[in-house]
Amino acid sequence: MENIKSNEAISKRDRWRILILGGSLGTTFTVKNCAEAAMRAWAGLVVACVKEELVPILESNSGKFKIKKICWYNMDSARKVLDLLEQSNTMVLWMWIEENILKKSKFFLEIINNTSKQLVIDADLIELLIHKKKEYNPKNIPHVITMNIKETDKYFWNKVPPKKKLIKEAQNLSSRLVIKSNNTKIISPEWEYREMKTNGVPEMTVAWSWDVLAWIIWSYIWQGIKTKDAIFKAIKLREEAARFYIKKTGDIVAHPQDIINSIPYVHNKI
């Protein structure tokens, strides 16, 4: 196991890597699934930066992705993460962070506001971005924020918001919003509003199988695909992988690992 060093040498194998930052006790499977989904969607080296207590759990299930331990919420660690971001062609996905986000805002904003890389940000950080709008000042980079439809109720309105309000929120956050549901909504200041229906796969479980979508999005962006196309391709790939699994096995649901394992069989089709 190795600590992050700001001046570490980047080998050929480490170059072009994707960086994951997240995870909490009891939810390490999300880090594992995230890394595996990215690799199956033809990403390069995947590196998971996690708290020290998560390292032994992930080491026993890590497969081919690397694990680095960091001291969470320490400003020195934030700068080291920034170094890794700048030295690699990467994105960061924050997911399943159960601590009080607002109390740790300096750590996250230090990274978000100072990186030159496009980030895919999970819904766990939406509360931070909404309450710290005045401090949220990315370098003119339209990050991608993924959330499910219930989280729009929690953070924005008490009901599904109309198109104009969603577009306005995307403009306020200077980010592209991907609202995950059976009728996924994609909103951005540039290309406004679009919906993509999940056709013929009602058996997909709503919970963590939707997280697979975020993981595939940033894998496609990492490969150089334009963000708009990456989002549309990821939605289609997730749907086709779930359909492939259900047709092959006869199961009535497709869980995250089922979708991830099916990605290689439908990737060329997409």
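Worth pointing out:
- Of the residues N148, N137, the single one that is surrounded by fewer than 20 Cβ atoms within 10 Å (Cβ to Cβ), at pLDDT 80 or above and under 25 Å from N100 (Cα atoms) is N137.
- Among the candidates N113, N100, the residue that is without any contact (Cβ under 8 Å) to a residue 40 or more places away in the chain, surrounded by fewer than 21 Cβ atoms within 10 Å (Cβ to Cβ) and in a loop (DSSP other than H, G, I, E, B) is uniquely N100.
- Some residue of the stretch 181-196 being modelled with pLDDT of 80 or more, under 20 Å from N137 (Cα atoms) and out of contact with any strand residue (DSSP E or B) (no Cβ under 8 Å at 6 or more places or on another chain): no
- Restricting the stretch 207-260 to residues that are among the aromatic types (F, W, Y) and over 18 Å from V46 (Cα atoms) leaves a set whose member that is modelled with the lowest pLDDT is W208.
The values are calculated or read from the model by the stated rules, or taken from the named source; none is laboratory data. Keep in mind the model is a prediction, meaning the values are calculated, not measured. Neighbour counts run over all protein chains shown; Cβ positions are idealised from the backbone, glycine included.
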